[in-house]
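This report refers to the structure that appears directly beneath it.
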Amino acid sequence: MDRTPMDRTKPLATIAAAVRRERDRMDLSLGELARRAGIAKSTLSQLEAGSGNPSVETLWAIAVVLDVPFSRLVDPPGEGVRVVRAQERVVIPSEHSPFTGTLLAASPPGVRRDLHVITAEPGPARTADPHIPGTGEHLLVTAGRWLCGPAGEEVELGPGDYAYFPGDRAHSYRALEPGTTAVLLMEYR
């Protein structure tokens, strides 16, 4: 599995601009957003400056506080045909587990869904705090085996298996085999 950090130039500029824009929209200071998200003010400052190394956990925490879909922070605006080549995907790693997330498509205005590819290797679970209220997660396994779902309700899934669960509750993803991959559709109500 390629766990090479994402090319930091364009994605970080997109993330920096989006975090500043959404923080201003919520009228939050840098320190207040950092406090509410449970991250260091210096980490947020670096992120808004277009530097640093944001993890999926950091970006999700910020998105939850800002009450926006994850994609609003990481997806550059665009129109027309969009192709995401496998080798050019922006891969965002987890801080705590052998897990990565790649946003493939964000919701256009008026539609509230994001499409991701997620990968993991056997090891610690990638635990996720509740996302914004009304979030649902649709998971289609493409390779390997996952143990995933809300805390206490995890299910084992294999290739071709599909599951839906509420993403606005604490949940986790854990790979049971090497090379575990899935398509994840995040739905926001």
Pairing a residue in region 51-64 that is without any contact (Cβ under 8 Å) to a residue 60 or more places away in the chain and at positive phi with any residue that is β-branched (V, I, T) and open to solvent by 10 Å² or more (accessible area, probe 1.4 Å), where Cβ atoms lie under 9 Å and the two sit 6 or more apart in sequence or on different chains, gives G52/T43; G52/T58
Enumeration of residues in region 10-41 that are outside any helix (DSSP H, G or I) and of a type outside the set (G, A, S): M26, D27, L28, I39
Can you work out which of the residues in region 142-154 that are open to solvent by less than 60 Å² (accessible area, probe 1.4 Å) and of a type in the set (A, V, I, L, M, F, W, C) is nearest to the chain's Cα centre (by Cα)? C148
Can you tell me which of T135, T180 is at pLDDT 95 or above and hydroxyl-bearing (S, T, Y)? T180
Which one is most open to solvent (accessible area, probe 1.4 Å), of the residues in region 121-133 that are outside any strand (DSSP E or B) and of a type outside the set (A, V, I, L, M)? D129
Any residue at all in region 111-120 that is outside any strand (DSSP E or B), surrounded by 14 or more Cβ atoms within 10 Å (Cβ to Cβ) and under 14 Å from the mean Cα position of the chain (by Cα)? no
Just to be sure I understand, how many residues within region 81-108 are β-branched (V, I, T), modelled with pLDDT of 75 or more and not in a strand (DSSP E or B)? 2
In region 35-42, is there at least one residue being under 15 Å from I132 (Cβ atoms), modelled with pLDDT of 90 or more and open to solvent by less than 50 Å² (accessible area, probe 1.4 Å)? yes
Residue pairs within 7 Å by beta carbon, gap of at least six or interchain, first lying in region 26-46 and without any contact (Cβ under 8 Å) to a residue 60 or more places away in the chain and under 10 Å from A61 (Cα atoms), second open to solvent by less than 70 Å² (accessible area, probe 1.4 Å) and small (G, A, S), listed first then second, are A34/A40; A37/A61; G38/A61; I39/A61
Which residues, counting only those in region 138-187, are small (G, A, S) and assigned to a strand (DSSP E or B)? A143, G149, A163, S172, A175, A182
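The values are calculated or read from the model by the stated rules, or taken from the named source; none is laboratory data. This structure is a prediction, so every number in the text was calculated from the model and none was measured. Note: ideal-geometry Cβ built from the backbone for every residue, glycine included; neighbour counts use all protein chains shown. These area figures cover heavy atoms from the full protein model, side chains too; ligands, DNA and RNA do not enter into them. Shrake-Rupley method; radii C 1.70, N 1.55, O 1.52, S 1.80 Å.
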